[in-house]
Amino acid sequence: MLHFLIDLGSLSFSVWSVSTCLSSVMLIRNYILNYVASQPKLAPFVIQALIQVIAKITKLGWFEVQKDQFIFREIIADVKKFLQGTVEHCIIGVIILSELTQEMNLVDYSRPSAKHRKIATSFRDTSLKDILVLACSLLKEMLAKPLNLQDQDQQNLVMQVLKLVLNCLYFDFIGSSADESADDLCTVQIPTTWRTIFLEPETLDLFFNLYHSLPPLLSQLALSCLVQFASTRRSLFSSPERAKYLGNLIKGVKRILENPQGLSDPGNYHEFCRFLARLKTNYQLGELVMVKEYPEVIRLIANFTITSLQHWEFAPNSVHYLLTLWQRMVASVPFVKSTEPHLLDTYAPEITKAFITSRLESVAIVVRDNLDDPLDDPATVFQQLEQLCTVSRCEYETTCTLLVQLFDQNAQNYQKLLHSASGMTVDMAIQEGHLLLFLWLVIMNGTLIFLKMLFLVFQLISLMDTGLPQCCNEKIELAILWFLDQFRKTYVGDQLQRTSKVYARMSEVLGITDDNHVLETFMTKIVTNLKYWGRREAVISRTLQYISPDSLTSITYILLKKLVKIDAVKFMLKNHTSEHFPFLGISDSYSLSDFRCRTTFYTALTRLLMVELGEDEDEFENFMLPLTVSFETVLQIFNNSFKQEDVKRMLIGLARDLRGIAFALNTKTSYTMLFDWMYPYYTVTIPALCTEGCQAPRFRLIVWHSREEETKSQRLNFDVSSPNGILLFREASKMICTYGNQILSLGSLSKDQIYPMKLKGISICYSALKSALCGNYVSFGVFKLYGDNHFDNVLQAFVKMLLSVSHSDLLQYRKLSQSYYPLLECLTQDHMSFVTNLEPPVLLYVLTSISEGLTTLDTVVASSCCASLDYIVTCLLKYIAKEGKKPLRCREATQAGQRLLHFMQQNPDVLQQMMSVLMNTIVFEDCRNQWSVSRPLLGLILLNEKYFSELRASLINSQPLPRQELLAQCFRNLMEGVEQNLSVKNRDRFTQNLSVFRRDVAEALRSDGSTEPCSLDMMS
């Protein structure tokens, strides 16, 4: 039937379709070989698909034996028949070998890795060397006679043979699975049996000759092969052999550089740069200088590098390899013991100068021609400058002198342009580009450059600040901030040595004698940026990082005490208004996304305020005065006719400000001050504002409430006579209910709107509710006792919002799932009566969400699901235990317990499905939360021992007979010593047994004769 289908198919596509379905049998492989031999002019994609089948069949049957012969290993002999035919047949034969080599090297993660390595190792030892020798002999034959590269078939044959050689050299010889992205660290682990091939000078000469003889499309493949030859492991040769091999490589490099015509092709240029980098990666500088041609070659490489740097636009992605070469060579200078001169002190300064001057010249071209700015790619800039810094240290004084001279010259030119009447011109943009490059060079070059250019950089800072706000360059400002950050980390702190050369230099030229003066300079710079860069979110964000919570946390208390005494800090604490800091305003020129800076700003200010706040309520009231004015303004606008957009922006700003303040107040005293400021006046008006306002302000105020209810550092520890805990929860309940009703009134939303308009707000509500329920600052029984419905209302709001969300959305949106499932865990732990009183459809929805959450890869979600399920199962078992003791103690099960029991009896598949999921996780998956899984699993087994027996039988019977007894013993050991209760001791015993069970089952399933793992999901 297979023969009929392939012979019948006249269209190439039909042949390809059939080929993808072929079985891995010897008959099929032989038929495909005969078919492609008889049809060499098939479409390329058909031939490729058929050859892939041949390669896969050969790999899968590599160890198949018939009549004491490995029948699938005769593939090379079969391919040699193709090589004796026409050019088309030769191409097919080479492609077969190339595809087979790739297939043998390809890791199939759906199959055991040990089996793959066994096949790959056998192929390496028995066939790969013969394939490489065959490929090299074909190349020698083609090079020995004139090549007609105008013939497309001849050109294709050369290309395929070179690709075959590359696949042989790219083979993973030792199973290291090298990361292809780590190109500069790659070493080819050539087998020792290949040593004779590499020691023959003709081997390297062959590929160098191919490079000079072939057109660029093919010559770059020859260079790629040479890259791999240069990466051969050092231990393959003895010392004399390694020196001889390196000498042949250096001769080839010299020949290429003396005839550089081929390097005008970008592909050849790139591969040659890789080739040079690999030379230093695999050979030491002491070995290179011993090569006879080294002085001439290093001169040629230096000239090639300088030319490459000057033509920066030709192949910018290749410069990395040239800089890597020079970086590693210069870094090796201290370790060279040879008396031969390395000549790097001659050429390294020339490389540094060429890089700096070429980049300066590129600025004018980029500005005038409106090209993409290379400095816009910070990752590449940092990488290249880090490499250049190592190169420049070979003659550090020369580099410093050059940088100082050029920097001073460009700073003076920029100052002249800044004070000219022409305004922002092309010349100004060019000078700013030069200054930006110099700043990055200063930042990356280290202490000596810092010392020599410190005065110039601070002078530039002063110069840039005096031009604000008319003249400003965001890139330069960000670079200055980076410079200041590096300076602060290195030279500012309690452990600073007062005799530092940096402070001596600063005292000499700037009059700065200690770190107090430095801190004052820094804080003045921060205030200046916050004043004048309000419309540049990147600059504001970067500036605020200096006073962000993370930065202030890393600063010692002594340093914080110094900070709060600085005039600039005092100014911020007393004047944090839009009049002084425009980014705090509500102007339409600022996008709503820019408002996020306000949270960081107020968190930092509040942290600074708390350093000396103590219990001074008047000081806190003065600090909150700008926010008091803003609240009063909102209320005044709201009571009259108002422009909704203005109120929206004002409310969002207030919510972000309050969120930052609430985050920073981590003590009981300071938090109580905030609460007293808010309650009762503002807390009463906020829900009204949310009712009348728009979506965004409601959302931001909910975010603030969620932050306010966090109980970190026991700040929500009110006095025993204080009702503040209850009052805080009541206001949170009002807020969540109000916002929840607004969300539910939105109706149907499109897929791109459902998260920002609905699900994001629901996730914040759930986070706020979880913080409130787990805060331990209020007794929830008080609400029912005194007829207060705020607790019931917020739980009903939770249910309504939950039912408006699909199960798929719960898991699709990470923030929603990570707020819902921890909240559910809190409810099942402390408010089980609420869960058991849910209507059956709602309870089924909740349990289904737990079942689906158990399968997620998110450990937080999965652990919360396990905990929630454990609480439910534990509750159910307690009710059953009480029901069983009714004749003895005359106690009836509670009504809630009866409802839960009745629901489980009506829906037995719910818990059974979850038991299947947990067992599948333990047996077949990489279980990262095994302890969490073990807790509910014991309860599920005790609740439904019959279904557990069915699962056990299903798994055991699905395995081969020799393995069934092993699995049966594993299950017996699982329940050994486990009693019929959920005591802590019994749970711990089951958890220990489960750990052993998982290990033993994994070993049993990995034993010989394994089959594909079955599923324990019997609900299907």
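With respect to (1) assigned to a helix (DSSP H, G or I); (2) open to solvent by less than 70 Å² (accessible area, probe 1.4 Å), the lone exception for Asn317 is condition (2).
Screening the candidates Val53, Val79, Val65 for the property of being exposed (fewer than 13 other Cβ atoms within 10 Å of the Cβ), under 29 Å from Ser113 (Cβ atoms) and touching a helix residue (DSSP H, G or I) at 6+ places or on another chain (Cβ under 8 Å) yields one hit, Val65.
For the condition surrounded by 15 or more Cβ atoms within 10 Å (Cβ to Cβ), closer than 23 Å to Ala655 by Cα and either at pLDDT 90 or above or in contact with a Lys or Arg (Cβ under 9 Å, 6 or more places away or on another chain) (or both), Lys815 qualifies.
With the structure loaded, tell me whether His311 is exposed (fewer than 14 other Cβ atoms within 10 Å of the Cβ) and under 20 Å from Gln383 (Cβ atoms) or whether it fails that test. Steps first, answer last, please.
Numbers: exposed (fewer than 14 other Cβ atoms within 10 Å of the Cβ): yes; under 20 Å from Gln383 (Cβ atoms): yes.
Spelling it out, His311 is indeed exposed (fewer than 14 other Cβ atoms within 10 Å of the Cβ) and under 20 Å from Gln383 (Cβ atoms).
Out of all the residues in the range 799-824, which are free of Cβ contacts under 8 Å to residues at least 40 places away in the same chain and in a helix (DSSP H, G or I)? The answer is Ser808, Gln812. Restricting the search to the range 774-794, which residues are modelled with pLDDT under 90, of a type in the set (S, T, N, Q) and at negative phi? If the condition is that a residue be modelled with pLDDT under 90, of a type in the set (S, T, N, Q) and at negative phi, then Ser779 is the only one that fits.
Take Leu951 and decide whether it is farther than 22 Å from Cys866 by Cα, in a helix (DSSP H, G or I), within 40 Å of the chain's Cα centre (by Cα) and not small (Gly, Ala, Ser). No; evaluated as a whole, the condition is false for this residue.
A quick yes/no check of all residues on (1) hydrophobic (A, V, I, L, M, F, W, C); (2) in a helix (DSSP H, G or I); (3) modelled with pLDDT under 90:
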residue: Cys273; (1), (2), (3): yes, yes, no
residue: Ala277; (1), (2), (3): yes, yes, no
residue: Met290; (1), (2), (3): yes, no, no
residue: Glu296; (1), (2), (3): no, yes, no
residue: Arg299; (1), (2), (3): no, yes, no
residue: Glu313; (1), (2), (3): no, no, yes
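Run down Leu249, Leu217 and say which single residue is under 16 Å from Leu325 (Cβ atoms), in contact (Cβ under 8 Å) with a residue 40 or more places away in the chain and assigned to a helix (DSSP H, G or I).
Numbers: Leu217 fails: under 16 Å from Leu325 (Cβ atoms).
Leu249 is the lone residue from the list that is under 16 Å from Leu325 (Cβ atoms), in contact (Cβ under 8 Å) with a residue 40 or more places away in the chain and assigned to a helix (DSSP H, G or I).
Residues of the range 763-778 that are open to solvent by 40 Å² or more (accessible area, probe 1.4 Å) and in contact with a helix residue (DSSP H, G or I) (Cβ under 8 Å, 6 or more places away or on another chain): Ser767, Lys770, Cys774.
Residue under question is Ile443, and the condition is that it be open to solvent by less than 10 Å² (accessible area, probe 1.4 Å), at pLDDT below 75 and among the β-branched types (Val, Ile, Thr); does it hold? Considered against the rule, which asks whether it is open to solvent by less than 10 Å² (accessible area, probe 1.4 Å), at pLDDT below 75 and among the β-branched types (Val, Ile, Thr), Ile443 comes out as no. Has the range 68-76 got at least one residue that is in a loop (DSSP other than H, G, I, E, B) and modelled with pLDDT under 85? Checked the range 68-76: at least one residue is in a loop (DSSP other than H, G, I, E, B) and modelled with pLDDT under 85.
Under the condition of being open to solvent by 90 Å² or more (accessible area, probe 1.4 Å) and either polar (S, T, N, Q) or modelled with pLDDT of 80 or more (or both), the residues counted in the range 637-656 number 4.
Given (1) at pLDDT 80 or above; (2) touching a helix residue (DSSP H, G or I) at 6+ places or on another chain (Cβ under 9 Å); (3) not acidic (Asp, Glu); (4) not in a helix (DSSP H, G or I), where does Thr380 come up short, assuming only one miss? Here Thr380 clears every test but (4).
Looking only at the range 986-1020, how many residues end up being at pLDDT 60 or above, open to solvent by 50 Å² or more (accessible area, probe 1.4 Å), under 17 Å from Leu966 (Cβ atoms) and among the charged types (D, E, K, R)? Can you show your working first?
Filtering the range 986-1020 down to residues at pLDDT 60 or above leaves 986-1007.
Now restrict to residues that are open to solvent by 50 Å² or more (accessible area, probe 1.4 Å): 988-989, 992, 995-996, 998-999, 1003, 1006.
Among the residues that remain, those that are also under 17 Å from Leu966 (Cβ atoms) are: 996, 998-999, 1003, 1006.
With the extra rule that they be among the charged types (D, E, K, R), the set shrinks to 998-999, 1003, 1006.
The qualifying residues number 4.
Taken over the range 954-986, the criterion of being part of a helix (DSSP H, G or I) and among the β-branched types (Val, Ile, Thr) is satisfied by Ile956, Val984.
So for the range 958-973 (the condition being closer than 23 Å to Leu854 by Cα and open to solvent by 30 Å² or more (accessible area, probe 1.4 Å)), does at least one residue qualify? No, the conditions are met nowhere in the range 958-973.
The residue that is most open to solvent (accessible area, probe 1.4 Å), among those in the range 82-94 that are out of contact with any Cys (no Cβ under 8 Å at 6 or more places or on another chain), more than 12 Å from Ala135 (Cβ to Cβ) and in contact (Cβ under 8 Å) with a residue 40 or more places away in the chain, is Thr86. Once the range 103-117 is narrowed to residues that are among the polar types (S, T, N, Q) and in a helix (DSSP H, G or I), the residue that is most open to solvent (accessible area, probe 1.4 Å) is Ser113.
Assess whether Phe198 counts as being surrounded by 19 or more Cβ atoms within 10 Å (Cβ to Cβ) and among the aromatic types (Phe, Trp, Tyr).
Criteria not met by Phe198.
Taking the range 124-154 as the range and being acidic (Asp, Glu) and either part of a helix (DSSP H, G or I) or on the phi > 0 side of the Ramachandran plot (or both) as the test, the residues that pass are Asp125, Asp130, Glu141, Asp153.
The residues of the range 363-388 that are under 23 Å from Leu325 (Cα atoms) and in contact with a Gly (Cβ under 9 Å, 6 or more places away or on another chain) amount to a single one, Leu375. Screening Glu395 against (1) more than 23 Å from Leu478 (Cα to Cα); (2) in contact with an Asp or Glu (Cβ under 9 Å, 6 or more places away or on another chain); (3) open to solvent by 40 Å² or more (accessible area, probe 1.4 Å); (4) at pLDDT 80 or above leaves a single unmet condition, (4).
Name every residue in the range 912-946 that is without any contact (Cβ under 8 Å) to a residue 60 or more places away in the chain, crowded, with 16+ Cβ neighbours inside 10 Å and in a helix (DSSP H, G or I), in order of residue number. Steps first, answer last, please.
First, pick out the residues of the range 912-946 that are without any contact (Cβ under 8 Å) to a residue 60 or more places away in the chain: 915, 925-926, 937-938, 941, 944-946.
In the following step, the residues that additionally are crowded, with 16+ Cβ neighbours inside 10 Å were identified as 915, 937-938, 941, 944.
Those that are without any contact (Cβ under 8 Å) to a residue 60 or more places away in the chain, crowded, with 16+ Cβ neighbours inside 10 Å and in a helix (DSSP H, G or I): Met915, Leu937, Leu938, Ile941.
The values are calculated or read from the model by the stated rules, or taken from the named source; none is laboratory data. Remember, it's a predicted structure, so these values are computed and weren't measured experimentally. Heads up, the Cβs are rebuilt from the backbone with ideal geometry, glycines too, and the neighbour counts pull from every protein chain shown. Quick note on the areas: whole protein, heavy atoms, side chains included, nothing else; ligands and nucleic acids left out. Shrake-Rupley method; radii C 1.70, N 1.55, O 1.52, S 1.80 Å.
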